[in-house]
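Novice: My structure is below; once you've seen it, I'll send some questions.
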Amino acid sequence: MSEPAPYIGRFAPSPTGPLHFGSLLAAVASFLEARARNGQWLLRVEDIDPPREQAGAKALILTALELYGFEWDGAIIYQSDSRGAHDTAVQTLLKEDHAYRCGCSRRDLANAPRGPLGIIYPGTCRNSGDAQNAAVRVRTTDEPLAFEDRLQGAQSQRLETESGDFIVLRRDDLIAYQLAVVVDDHLQGVTEIVRGIDLLVSTPRQIWLQQLLGFTVPSYAHIPVALNLRDQKLSKSTGAGAIPLDSMNETLIAALEALQQRPPDELRNASMHDIWEWAHANWSIDTLKGRTQILRQ
Ligand code: GLU
């Protein structure tokens, strides 16, 4: 019998702001799951969208991860370093006619239908081909794209009706997240992706790209979003604050509680080392099964 592939997990923050509680949950869950499976845990900074980057956010994220006691394997990976591989993947998609150039501007698409994922591209440039200064879009079909999420169960999307042909290279020459994440996970041999449920809607597009590029499809576990009463009353899209860099133990315990682990009261006075030790020994991801939201106390 062949050995199962070694587990390689990762945490992949974008430096668009400091770490907030939701991203801490993704970091904690992906880290503990990787260790529980004797796997590696990689840290990849997704810095491919300079206009959306916030000055100083990269350093703040790394400082926070260090202060919270995370231990990643190998050197920190910067997604901007793999631009060559991203471009090669775009060229492959174009060459194999899985993708085409699209000169449509935002204005051209003002009347396009909208779905939960944003504009559903009406296919204007599908057969016309060679616009210059153009974005690159991937062709989609309406075959249901189904997969089993380890926590959220059976998922399915019809890409053509739900997202339409989607962008992999933007008109401003930046690589789109959907492509970059797929190429990098492949380059780094990632086998298991544990991340926030806000990305669940993107997963079918990512699996589609993996299939077109001949990459192995990793397994996915999307953890619930944490809301507190105040966040809910405000607005979902606003104001998740940075995690504190002075009361880490307390925040780490709150993260474990939000992740439905049950840290005992004694842990409140324990060292960070002991909190992690408890977390490694007691971690179970299955307590999050089927949950899409958790209320933070
Ligand atoms: N960089 C993405 C974010 O910060 C996460 C990418 C991923 O986990 O696939 O939202």
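Novice: Using the 4.7 Å Cβ rule, please list in number order the cysteines from the chain without any candidate partner.
Specialist: Taking the Cβ cut-off of 4.7 Å, the unpaired cysteines of the chain are CYS104.
Novice: I would also like to ask the following. Obtain the radius of gyration and the Kirkwood radius of region 31-75 from its C-alpha atoms and give Rg over Rh.
Specialist: 1.05
Novice: Then there's this: Report the one residue of VAL28, PRO18, PRO218 whose Cα lies farthest in the direction of the positive end of the charge dipole of the chain (charges on C-beta: Lys and Arg +1, Asp and Glu -1; origin at the Cα centre).
Specialist: Selected residue: PRO18.
Novice: Could you grab the relative contact order for the chain? Cα pairs under 8 Å, six or more apart, rounded to a whole percent.
Specialist: About 22 percent, as a whole number.
Novice: Next up: Full-extension gain between THR63 and ASP173, please, as 0.36 nm times their residue separation minus the C-alpha to C-alpha distance.
Specialist: 36.5 nm
Novice: Relative contact order (percent) for region 156-297, with alpha-carbon contacts under 8 angstrom and 6 or more residues of separation?
Specialist: With pairs under 8 Å counted, the relative contact order is 23 percent.
Novice: Moving on to the next point. How far is it, in nm, from the label point at ASN269 to the one at ALA281 when both lie 7 Å from their Cα along the line to the Cβ?
Specialist: Calculated label separation equals 1.8 nm.
Novice: Just to confirm my numbers, what's the Cα centroid distance between region 23-41 and region 179-228 in Å?
Specialist: Region 23-41 and region 179-228 have Cα centres spaced 15 Å from each other.
Novice: Also: By DSSP, what percent of the beta bridges with both residues in the chain are antiparallel, rounded to the nearest 5?
Specialist: Given both bridge residues lie in the chain, the antiparallel proportion sits at roughly 55 percent.
Novice: Pairwise over distinct Cα atoms, reciprocal of the mean inverse distance: report the Kirkwood radius of the chain in Å, one decimal place.
Specialist: 20.5 Å
Novice: Let me ask something additional. About the Cα centre, and with charges only on the beta carbon of Lys, Arg (+1) and Asp, Glu (-1), how big is the dipole of the chain? Nearest 20 debye, please.
Specialist: 920 debye
Novice: With every protein chain kept in place and ligands, DNA and RNA left out, what is the accessible area per residue of the chain? Probe 1.4 Å, answer in Å².
Specialist: 51 Å²
Novice: Please list, in chain and number order, the residues 5+ apart from VAL225 or on another chain whose amide H is under 5 Å from its amide H, with Hs placed from the backbone.
Specialist: Close amide H contacts, sequence-distant or interchain: ILE197, GLN293, ILE294.
Novice: Sorting check: for 38-48, 269-279, 255-265, which peptide has the highest mean count of neighbouring beta carbons within 10 Å, and how do the rest follow?
Specialist: Per-residue mean Cβ counts within 10 Å order the peptides as 38-48, 255-265, 269-279.
Novice: Note down the nm distance, to one decimal, between modelled labels 7 Å out along Cα→Cβ at GLU96 and at SER247.
Specialist: 5.2 nm
Novice: I've got another one for you. Contact order normalised by length for region 13-172, with contacts defined as Cα pairs under 8 Å and 6 or more residues apart; what percent is it?
Specialist: Once divided by the residue count of region 13-172, the mean separation gives 18 percent.
The values are calculated or read from the model by the stated rules, or taken from the named source; none is laboratory data. None of these values were measured; they are calculated from a predicted model. Neighbour counts run over all protein chains shown; Cβ positions are idealised from the backbone, glycine included. Heavy atoms of the whole protein, side chains included, go into the accessibility calculation; ligands, DNA and RNA do not. Shrake-Rupley method; radii C 1.70, N 1.55, O 1.52, S 1.80 Å.
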